[in-house]
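The numbers here are math on the coordinates, done by the rules we state, and not lab data. All of these numbers come straight from a predicted model, not from anything done at the bench. Neighbour counts are summed over all protein chains in view; Cβ atoms, including those assigned to glycine, are modelled from backbone coordinates with ideal geometry.
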Amino acid sequence: MNRHRSRVEMASLHDGFIEGCLRNDVPAGTAEDLFHAIEGFAAFGFCRSHAAAFARTSYETVWLKLYHPAEYYCGLLNNQPMGFYHPSVLVEDAKRHGIPVLPVDINRSADRCLPAWLEEGGTFPPPHRPGEALPPMRPPSPNCVRLGFNYVKELGATPRGAIFKERANGDFASFDDFQDRLRRNPPTAEAVQNLIMVGAFESLGIPRRELLWRWQEGQRARGRKRGLAAQPSFRLAADPPPLAGVTPIESTRLEYAISELSTGRHLVHYWRDRLEALGVLDSLQARKVPTGRTVRVGGLVIVRQAPGTAKKLRFFTLEDELGHVNVTFMPDVYERYRAVANSNSILVVEGVMQRQDEVHSVLVRSVIGLQAKDRELPHSHDYR
């Protein structure tokens, strides 16, 4: 009575079941009726129960996403790794649905992601008793998600606890105030560097490139640098002139490197001019292309699949700043372009638009790689 639904195995249980019923004074006719009912359930029961469980999960998920989107996204982001999509995909989905995701902030972020309305003094309603109507839970400020310190690499539980303990006595007034108050339980140099580069101190008024330079100079002056691996764009051979602020694309890359997601622009946004020059349609435009028409699409690869039942077909999902595009590789085309398709994070695909049951997919003819895989870029869900 499982997903294998073996009629032979069920039949092998018949005689033992009937004998057991007769030993317990169940009439033979009733025993046969019972076995046939169980046998019938075994033919579809697993599928039905599986479908019922997924249907309930889907309904509850859609309800949460519609009525409490910030809380919904926080729940997903706080329970990684889980499910199919990388956190960067969840963040992009939130942004496309009008839920801004705010960056890590030294005075605002909690240990994990939280709805930003809690920063303004909002509170969750008390638990309700069974049978009572659910109380309203509308945020007093716009629906936003604030990233937690759990999305800063190298920032462990102990330094996070020290930050919260000090913050209970008041916000950090400056970076120097942060260092002074955490002198007894300082974060590692790598953690401080990551906090600076991800912009956690920008609300205190000093741009991150200038702050990073000042901090590194202080580290060198105290003889405590201990092999820090500064990003190439921040290396300084001498006292610098006034430093330019971090550009949007630099900010995006730093967030990807440290948090593996971006609260700002999608990476493909910075490739849009080049994509348009190559005749690439964005994901919204691609959906309008008629079936059978040749089309060029492009984006960040977020999924690579090779189902065992798909007869060697490969299925990729590309993401741009506006949504997703599915692409399908026939075996011969995949073999021709597998090196490019598997070694690049951003792809341009030319193929034929297909539709089935309102789902669109591009049947691939050729592939161009635009951005080689990089450890600082979001990870795709590959062949799992």
Review point. What aspartates and glutamates sit close enough to Lys312 to cross-link, taking a C-alpha to C-alpha distance under 19 Å and skipping anything fewer than 8 places away on the same chain?
Key: Asp332, Glu335, Asp382
Review point. By a straight-distance test (C-alpha under 24 Å), which lysines pair with Lys153 as possible cross-link partners, with residues fewer than eight away in the same chain excluded?
Key: Lys95, Lys165, Lys225, Lys373
Revision key, fill the gap. Among His360, His50, His86, the residue with the largest mean-square fluctuation in a Gaussian network model of the chain built from Cα contacts under 10 Å is His50
Study note, to complete from the structure: Taking R0 as 51 Å and r as the Cβ-Cβ distance between Leu34 and Ala372, the FRET efficiency 1/(1 + (r/R0)^6), rounded to the nearest 0.05, comes to 0.20
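For the residues Arg375, Arg56, Arg314, Arg265, what sequence is obtained by ranking on other C-beta atoms within 10 Å, fewest first?
On the way: Arg375 7, Arg56 10, Arg314 23, Arg265 15.
Arranged by neighbour count, lowest to highest, Arg375, Arg56, Arg314, Arg265 become Arg375, Arg56, Arg265, Arg314.
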**Study point:** Extended-chain gain in nm, criterion 0.36 nm per residue less alpha-carbon gap, Asp25 and Ala244
**Key:** 70.0 nm
Practice item. Please find, in a Gaussian network model of the chain (springs between Cα atoms separated by less than 10 Å), the residue of Asp15, Asp105, Asp177 whose mean-square fluctuation is greatest. Key: Asp15
Study note, to complete from the structure: For percent of Cα pairs over 40 Å apart the list reads [x] 11; [y] 16; [z] 36; the calculated value is entry [z]
Study note, to complete from the structure: Longest the chain segment clear of chymotrypsin sites (Phe, Trp or Tyr not before Pro) sitting in DSSP loops (not H, G, I, E or B) with at most 13 other Cβ atoms within 10 Å runs 85-382
Review point. What's the exposure ranking of Met353, Met330, going from fewest to most Cβ atoms within 10 Å?
Key: Met330, Met353
